[in-house]
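Structure, as structure tokens:
Bear in mind these aren't lab numbers, they're just calculated from the coordinates by the rules spelled out. These numbers come from a predicted model, not from an experiment. Cβ: placed from backbone, ideal geometry, glycine included. Neighbour counts: every protein chain shown.
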Amino acid sequence: MVNPILVALDVPSLEHALALVDVVGDAAGGVKIGMELFDAEGPRAVEALAERGLFLDLKLHDIPTTVRRTVAALAPLGPAMLNVHALGGRAMLEAANETKGKTKILAVTILTSLGDGDLKEIGLPPAAEAVPMLAALAREAGCDGVVCAPADVAAVRAVAPAPFLIVTPGIRPAGSPADDQVRTMTPRQALDAGADYLVVGRPITRAPDPRAAAESILRELA
């Protein structure tokens, strides 16, 4: 089994991120940089961690020209995966894929912090309807995969068979608090549903022993 764990380096400094990476070591298959670390450290954080199997989680969402140019600027830094918002529409998704180079483009469907009540409030259908629709759009637009909540993985896989990638945050080992995530699953449940990569943050990074926490998840998946 390829190690599917991507450790979310949601920390304010590159020094902190590198320390976590060193502690976790090969117990994780890759890492994720989000807006907190990127905004603090910029491209040097991407360059420092690109060889670790990097998912650059910036959730780009803008007019097609801006997204095209942003992807063109980021791709040479070497991230394995970079995401954009599917709600940006077909033209924006296609623009992102025009300049991606070797970087895989993932489309964010619906954030894992949003429940159906939240979606209704902003005028969207329930996640069970919206997520597979957005996944199908992303696939048609040339994206390499999507980011979706664990609960939506099976529905996405039904409309987008492999090798289309499914990356899922909202992973919580049994007994872990949900924090601000709404639609969560255990690592085993998400992988069984069809996910390819599992983004795991606080259950690993805030554990007393981050490496042991990652190894515990791997044992569950074995």
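Observations on the model:
- Projected label points at Met35 and Glu220, each 7 Å from Cα along the beta carbon direction, are separated by 2.8 nanometres.
- Magnitude of the charge dipole, the chain, Cβ model with Lys/Arg +1 and Asp/Glu -1, debye to 20: 380 debye
- Relative contact order of region 93-222, taken over Cα pairs closer than 8 Å and 6 or more residues apart, is 22 percent.
- Centroid-to-centroid separation of region 187-215 and region 134-177 [C-alpha atoms, Å]: 16 Å
- The value of relative contact order for region 5-221, using C-alpha pairs under 8 Å at least six residues apart, is 19 percent.
- Inter-probe distance in nm under a simple model that places probes 7 Å from Cα toward Cβ, at Leu18 and Arg202: 2.8 nm
- For region 5-221, with +1 on Lys and Arg beta carbons and -1 on Asp and Glu, the positive-most of Ala28, Leu93, Gly123 along the dipole: Leu93
- Ranking Ala8, Pro43, Ala193 by Cα position along the charge dipole of the chain, where only Lys, Arg, Asp and Glu carry charges on their C-beta atoms, puts Ala193 farthest toward the positive end.
- Spatially near lysine pairs across the chain, Cα under 18 Å, sequence gap of 8 or more or different chains: 6
- Along each principal axis, Cα extent of region 1-121, largest first, Å: 40, 36, 33
- Extension gain from Arg69 to Ala162, taking 0.36 nm per residue of separation minus the Cα-Cα distance: 30.6 nm
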